[in-house]
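The block underneath contains the structure these notes are about, expressed in structure tokens.
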Amino acid sequence: MRCPYCNNDDTRVVDSRPSEGKKRRRRECPKCGKRFTTYEVVEKPQLMVYKKDGSFEPFDRQKLIKGIQNAIKKRPVSVEQMMGMVDDIENTYANKMQTDTTTEEIGNMVLQGLKKLDHVAYVRFASVYKDFNDVDSFIQIISELSQK
């Protein structure tokens with residue numbers, strides 16, 4: 001890390017601690033003796049999503065959160081549980097260094113997460129995601145839940 005005061009290439013880390021999802025590092029320059037702070041952020045690859053209509057767009061975390069919020073509205077699912085599920089989905093792709101996926105794959109991951117958290121939220125999300133057109137579709141998914 002280059003010193004912002006004297007441009008020396010060699011600085012040393014005096015203190016390091018996590019700060020809001022980043023690493024905060026206090027550094028000192030051995031040449032001029034001045035101290036400065038840097039923040040490190042893990043860079044995740046840009047995830048692109050293939051949609052059902054054939055289009056291709058960047059992954060939108062807020063869009064996913066909004067869809068899940070609609071499913072868990074007035075249900076006993078905490079914001080922390082929902083955000084944990086969204087984080088898990090994002091981290092799955094980041095850990096694999098995967099740069100593209102489909103809405104179907106993301107939707108299935110959400111369904112798996114909601115199935116563990118709340119069956120009503122699961123059915124709500126499935127009804128929109130799987131585009132139910134009739135009562136039989138609802139009956140089928142509810143009977144699957146009842147059997148398990």
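Any read-out appearing in this document is the output of simple, stated calculations on the displayed coordinates, not a laboratory observation. From a predicted model like this one, the values you see are computed outputs, not experimental measurements. Because the Cβ atoms are built from the backbone with ideal geometry, glycine has one as well, and the counts that use them run over all protein chains shown.
Among E28, E57, E90, the largest mean-square fluctuation in a Gaussian network model of the chain (Cα springs under 10 Å) belongs to E28.
Result for the chain in a Gaussian network model with C-alpha springs under 10 Å: among D15, D87, D136, the largest mean-square fluctuation is at D15. Checking every one of the trypsin sites (Lys or Arg not before Pro) in region 47-102 against DSSP loop status and a limit of 15 other Cβ atoms within 10 Å picks out K51, K52, K73, K74, K96. Relative contact order, whole percent, for region 1-72 stands at 18, derived from Cα pairs under 8 Å and 6 or more residues apart. Ordering Q62, N7, V110 by the projection of their Cα atoms onto the charge dipole of the chain, which places +1 on the Cβ of Lys and Arg and -1 on the Cβ of Asp and Glu, puts N7 at the extreme positive end. Note: relative contact order over the chain, using C-alpha pairs below 8 Å and six or more positions apart, is 16 percent. Stokes-Einstein, applied to the Kirkwood radius of the chain over Cα pairs at a viscosity of 1.002 mPa s and 20 °C, places its translational diffusion at 115 µm² s⁻¹.
Per the Debye calculation on region 1-42 with a single equal scatterer at every Cα and no solvent contribution, log₁₀ I(q)/I(0) for q = 0.19, 0.27, 0.29 Å⁻¹ amounts to -0.51, -0.86, -0.93.
Relative to the dominant Cα principal axis of the chain, helix 119-129 is inclined by about 90°.
Oblate is the label for region 1-79, because the ratio a/c of its alpha-carbon gyration tensor axes (a ≥ b ≥ c) is 1.5 or higher and a/b is not greater than b/c.
Placing +1 on each Lys and Arg Cβ and -1 on each Asp and Glu Cβ, with no other charges, gives region 48-147 a dipole about its Cα centre of roughly 340 debye. Answer rounded, prolate or oblate for region 46-104, using the Cα gyration tensor with square roots of eigenvalues a ≥ b ≥ c: rounded when a/c is under 1.5, else prolate when a/b is larger than b/c, else oblate. It comes out oblate by the Cα gyration axes. Helix 61-72 and the longest principal axis of the Cα set of the chain meet at an angle near 40°. By how many degrees, between 0 and 90 and to the nearest 10, does the Cα long axis of helix 103-117 differ from the longest principal axis of the chain? Value to nearest ten degrees: 80. For region 1-36, which trypsin sites (Lys or Arg not before Pro) are both in a DSSP coil and crowded by at most 14 other Cβ atoms within 10 Å? The qualifying sites are R2, K31, K34.
Among S137, S78, A121, whose Cα projects farthest towards the positive end of the dipole of region 48-147, with charges put on the beta-carbon of Lys, Arg (+1) and Asp, Glu (-1)? Of S137, S78, A121, it is S78.
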